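Asks: Right, I'll just put the structure down here and ask away after.
Every number here is computed from the coordinates shown, using simple stated rules; none is lab data. Keep in mind that what you see is a predicted model, and the values were worked out from it rather than measured. Glycine also receives a Cβ, built like all others from the backbone with ideal geometry; neighbour counts cover every protein chain displayed.
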Amino acid sequence: MMSVPFEPAAARDWRFPRHVAGTALLVTVGAEAGVPVATLLRGSGLGARDVADPRREVTAEQELRVVRNLLAAAPDVTGTRVGSAYHASTFGPLGFALLSSPTLGAAANLALRFIDLSFTFTIPTATVADDQVVVRADDRGVPDDVRHFLVERDLTAIWTVLHEICGSLAGLRATWDPSGRAFRFPTHWLDQPLPQANTHACALAEALCRDLVSPRRGRDTFTGQVRILVAQHLESGAPMADVAAALGLSERSLRRRLADAGATYRGVLDEVRSAAAEDLLAEGLLLDEVALRLGYAEASSLVVAYRRWTGRTPRAQSASARR
């Protein structure tokens, strides 16, 4: 049996930011069931371009809206069907870290350590009982109307990825509890070396995971939500009214809640624009295109803002990135 105990999940509830890949998967399954993309995204504040953008983050509430739209339009689509569509690659660097982990037990702990890089709404726990690993879904706080679907989806996704990272190893089987809220498998599998184990690759992937979660964990939940919505509205200049409406708030309430968190709307907007500018300039985009992507009417406005953020000009940054 694995000598190191299971770690607790890094997130206590499901209200963490998430990559758009999980929402894109829901849209793909819905489209296969004949549901138009516009119907699946209705009321989420997301468009088809957002779902196709590999940089995009979404709020948990936005993904939850897509879940509800899917269930309303295609009630025959089960959580099992959606969960089985997940692969390690769906999780980006976390999936690569799982694949390259030395053992199944190490991969399980790594997944718990970076659970906020997943798409789960039912926070999982792993325990050992009677020589069996028991993986449970904690559905406390999950809305009633989507609870069954999400428990089914999340546990199926966990099992699908566990089975995938075992690769050619034969014999790994799960026994599902009648409640549908847990599955179990023999503990001897925890020490089983994984076929794609690679110490250096795993260390690199885990470092990437830390880089991704560190900024998120340094923010309070509300400021993180605002930041995501600002990024989604950048091309239109991210008007405060639009972001407030997406949160169901007035502009005054938005200002007050940000102030309570020690932030300002302008500060969040500058932070998001600055980070996006660095990425776009590094890709070699022309200054005019970068300005448009950040919601500026002309490149000169970007130049002024960029100098204020960094003390450099965008052209200097572009030249540095090309070296």
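Asks: Can you tell me the relative contact order of region 132-284? Whole percent, Cα pairs under 8 Å, sequence separation 6 or more.
Replies: 18 percent
Asks: Taking the mean number of other Cβ atoms within 10 Å as a proxy for protection, how do you rank 98-104, 215-221 from highest to lowest?
Replies: Per-residue mean Cβ counts within 10 Å order the peptides as 98-104, 215-221.
Asks: Which whole DSSP H helices in the chain pass both tests: a Cα extent of 27 Å or more along the axis and a mean Kyte-Doolittle value no lower than 0.0?
Replies: 144-166
Asks: Listed highest first by mean packing, meaning other Cβ atoms within 10 Å per residue, what order do 57-66, 283-292 come in?
Replies: Ranking the peptides 57-66, 283-292 by packing returns 57-66, 283-292.
Asks: Give the label of the value calculated from the structure for P(r) over Cα pairs in 10 Å bins from 0, in percent, choosing from [x] 5, 24, 30, 20, 10, 5, 3, 2, 1, 0, 0; [y] 5, 23, 30, 24, 13, 4, 0; [z] 5, 18, 21, 12, 5, 4, 6, 7, 9, 8, 4, 1, 0.
Replies: Of the labelled values, this structure produces [y].
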